[in-house]
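Below is one structure, written out as structure tokens; the observations come after it.
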Amino acid sequence: MGFIVQSKLVPSRRPSLCCCERFSLNEIEVNSAQLPGHVALIPDGNGRWAEGRGLSRPEGHSAGSRTLEKVVNLCMRLEIPQVTVFVCSTENMNRSPKEISVLMELISEVVQILEEKPLVRLKWIGSSVHIPEFLRKRLDIVTKLTSKDKNPHEYRLQLTMAIDYGGRAEIADTARRLAVDVREGKLDAEAVDERMFDEYLRSESVGDPDLIIRTGGQKRLSNFLLWQSAYSEMYFSDILWPDFDEKEVAEAFRWFATRKRNYGLVK
Ligand code: IPE
Ligand code: MG
């Protein structure tokens with residue numbers, strides 16, 4: 001205890017933020033060198049949070065989207081380079097049409113907020129089969145607007161939203177892309193190994209998270225980043241996502257700082 005967050009970047013490049021100015025960085029008490037470079041979030045528990053308050057599930061999602069904004073703001077403030085959020089799985093898309101439509105509206109609102117946040121680079125992964133046209137368009141616009149080509153040198157958090165996403169589908173899609181390149185003679189089948197598979201997969205997705213945080217009490221991945229999570233540290237919290245405030249995030253980062261990552265070696 002007692003560490004103070006030290007900036008990895010010069011102060012003038014620190015993002016200036018709105019929502020969490022009240023939150024003192026000192027409370028994180030973790031040296032920036034021990035912070036995860038890539039955090040993946042499985043925000044679970046919106047429905048139970050709402051039910052516990054006599055509210056509707058959509059109201060739980062609405063509270064959840066405010067929490068997401070705060071957590072992303074905090075990560076920006078800590079200059080964490082990459083955050084990937086499991087916004088909704090392909091399986092989630094089978095929920096009631098009303099719940100899905102509220103979810104899509106909320107995602108669209110969050111994306112619109114990002115448009116006004118010049119320090120976030122948006123990326124989205126997943127299938128576009130179930131995503132309504134208005135959201136797909138907005139995702140495309142904001143992705144282009146915030147892309148690396150526009151501001152190549154500035155600090156930017158890469159925020160990846162996994163929408164209508166499934167880890168197995170992503171692996172199958174990667175295998176298909178490799179097979180097509182082999183068929184077209186661009187690639188020798190014998191050359192396909194773990195490293196090449198990883199390259200193909202990450203070209204359309206994200207790299208390996210250092211830390212995966214799941215809220216809401218369940219201890220499973222639910223088909224999220226199956227390939228990429230091989231060596232991720234996993235933090236499970238019983239707190240329902242709308243209640244996962246900056247102090248809870250700090251707790252997760254403090255826990256991460258205590259992990260000894262030896263990737264199967266003896267260290
Ligand atoms: C997570 O909360 C948000 C999404 C899946 C979009 P849930 O809606 O799964 O909440 P619970 O698990 O029913 O409480
Ligand atoms: Mg759930």
Handout entry: Convex hull per residue volume in Å³, alpha carbons only, for region 136-245
Key = 162 Å³
Handout entry: Estimated dipole of the chain in Debye, rounded to 20 [Cβ of Lys and Arg +1, of Asp and Glu -1, Cα centre]
Key = 340 debye
Exercise for the section: Report the calculated FRET efficiency for A230 and Q112 (r = Cβ-Cβ distance, R0 = 22 Å), to the nearest 0.05. Expected result: 0.05
Fill in the blank from the handout: Close lysine pairs (the chain; alpha-carbon distance under 22 Å; 8 or more apart or on separate chains) counted at 21
Practice task
Using a/c under 1.5 as the rounded threshold, could you call the chain rounded, prolate or oblate? The axes a ≥ b ≥ c are square roots of the C-alpha gyration tensor eigenvalues, and prolate needs a/b larger than b/c, oblate otherwise.
Solution key: rounded
Handout entry: Scattering profile of region 199-267 at q = 0.21, 0.24 Å⁻¹ [log10 I(q)/I(0), Debye over alpha-carbon scatterers]
Key = -1.00, -1.13
Problem - Simple spin-label estimate for K137 and R177 in nanometres, 7 Å along Cα-Cβ - result: 2.7 nm
Fill in the blank from the handout: Residue-normalised 222 nm signal for the chain, counting each DSSP H run of n ≥ 4 as -39,500 (n - 2.57), nearest 500 deg cm²/dmol, is -12000 deg cm²/dmol
Completion exercise
Expressed as a whole-number percentage, the relative contact order of region 120-224 with C-alpha contacts under 8 angstrom and at least six residues apart is 32 percent
Practice task
Note the full-extension length gain between R254 and E51 as 0.36 nm times their separation in residues minus their Cα-Cα distance, in nm to one decimal.
Solution key: 70.0 nm
Handout entry: Inter-label distance, nm, simple model (7 Å from Cα along the C-beta direction), E194/H130
Key = 3.3 nm
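Read-outs throughout are calculated quantities, based only on the coordinates presented, and are distinct from any laboratory measurement. In this text the structure is predicted, and so the values were computed from the model without any measurement. So basically every Cβ, Gly included, is an ideal-geometry build from the backbone, and we count neighbours across all protein chains shown.
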